[in-house]
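The structure under discussion appears below in the form of structure tokens.
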Amino acid sequence: MNKKIIALIIAIIIVIVGVSVWFITSNNKEESTNNSNANTTENQKNDETQKDKVQEKPNDNKTTNDKKIAIIYFSATGTTRKVAGYIKNATGGDLIEIEPKEKYTDSDLNYGNDNSRANKEQNNSKARPEILNNINTDSYDVIYLGYPIWWGDVPKIILTFLDNHNLKDKTIIPFCTSGSTGISGSLSTLKNYNKNVNWIDGKRFSSSATQDEVTNWVKELSY
């Protein structure tokens, strides 16, 4: 075989090898580009998903805890005042006392005397004892309303409070203190007296009520 033919064969082989190398390299580059694009697209999807999750998170955390709470109470002997303080501790709400213009003395609260002040008021459907202090309820969403049980019912000064304030559509949670009488009679009086209020069935506490007992009740209400 002469040298010219050998040189031609070698040249052909070099060309074939070069074309093969070029083809393989091009395919690898294309695959690499496709993989890179795929990864970029997937990463973008993951980023968008994460953004969606971040945006949705605040909605998942919405609760009723942003409602403004007041604990408004009347207490002639201090028993209801103590329970009201426990509710303040459990809710962080504002504590407001209903102060009678004429304070009640021990003789006023003598239930054995038909002529005592408390007995006369409770037996008079029109009695509305005056309140000394100004109470602003406008900014509150939820009101815990506390009172002692007098003759199985709310003291008339509580009705004075209801008369003096626009409580329409507010949520009111009554609580009372007594030796043995339950809250049902007073709750019925309140619901019938003002039907524009969202009344929540409340609870009676004894003089020996504890912070834990009151806190557990507040937690059950979820307000």
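So which residues in the range 176-223 are closer than 16 Å to PHE74 by Cα and in a helix (DSSP H, G or I), if there are any at all? If you could, list the steps in order and put the result at the bottom.
So the first thing to find is which residues in the range 176-223 are closer than 16 Å to PHE74 by Cα, and the list is 176-178, 183, 186-187, 190, 202-207.
Answer for the range 176-223, where residues must be closer than 16 Å to PHE74 by Cα and in a helix (DSSP H, G or I): SER186, LEU187, LEU190.
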Practice item. Determine which member of the set TYR223, TYR147, TYR140 is touching a Cys at 6+ places or on another chain (Cβ under 7 Å) and either in contact (Cβ under 8 Å) with a residue 60 or more places away in the chain or β-branched (Val, Ile, Thr) (or both). Key: TYR147
Practice item. Evaluate the following for VAL154: is it surrounded by fewer than 19 Cβ atoms within 10 Å (Cβ to Cβ), of a type in the set (A, V, I, L, M, F, W, C) and in the same structural domain as LYS82 (by TED's automatic domain parsing)? Key: no
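Which of the residues that make up the range 182-216 are of a type in the set (Phe, Trp, Tyr) and free of Cβ contacts under 8 Å to residues at least 40 places away in the same chain?
Passing the criteria: TYR193, TRP199.
Within the range 112-169, count every residue that is part of a strand (DSSP E or B) and β-branched (Val, Ile, Thr).
Count: 3.
Kindly establish whether GLY152 is of a type in the set (Gly, Ala, Ser) and closer than 22 Å to VAL214 by Cβ. I'd like the intermediate steps shown before the answer.
On the way: of a type in the set (Gly, Ala, Ser): yes; closer than 22 Å to VAL214 by Cβ: no.
In short, no.
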Practice item. Find all pairs meeting these conditions: Cβ atoms under 6 angstrom apart; at least six residues apart or on different chains; first residue within the range 165-181 and over 15 Å from TYR223 (Cβ atoms); second residue small (Gly, Ala, Ser) and surrounded by fewer than 17 Cβ atoms within 10 Å (Cβ to Cβ). Key: THR181/GLY152
Review point. Could you list, in sequence order, the residues of the range 165-182 that are farther than 15 Å from ALA84 by Cβ and of a type in the set (Val, Ile, Thr)?
Key: THR171, THR181
Point to revise | Residue among SER184, SER222, SER208 that is out of contact with any strand residue (DSSP E or B) (no Cβ under 8 Å at 6 or more places or on another chain), within 14 Å of TYR144 (Cβ to Cβ) and either in the same structural domain as ASN89 (by TED's automatic domain parsing) or among the small types (Gly, Ala, Ser) (or both) | key: SER222
Review point. If you scan the range 40-97, which residues turn out to be at pLDDT 95 or above, assigned to a helix (DSSP H, G or I) and out of contact with any strand residue (DSSP E or B) (no Cβ under 9 Å at 6 or more places or on another chain)?
Key: ASN89, ALA90
Practice item. Go through the range 76-105 and give me each residue that's surrounded by fewer than 16 Cβ atoms within 10 Å (Cβ to Cβ), within 15 Å of PRO155 (Cβ to Cβ) and in contact (Cβ under 8 Å) with a residue 60 or more places away in the chain. Key: THR77
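The values are calculated or read from the model by the stated rules, or taken from the named source; none is laboratory data. Note that the structure is a prediction, hence the values are computed from the model and not measured. A quick note on method: Cβ atoms are made from the backbone with ideal geometry, for glycine too, and the neighbour counts reach across all protein chains shown.
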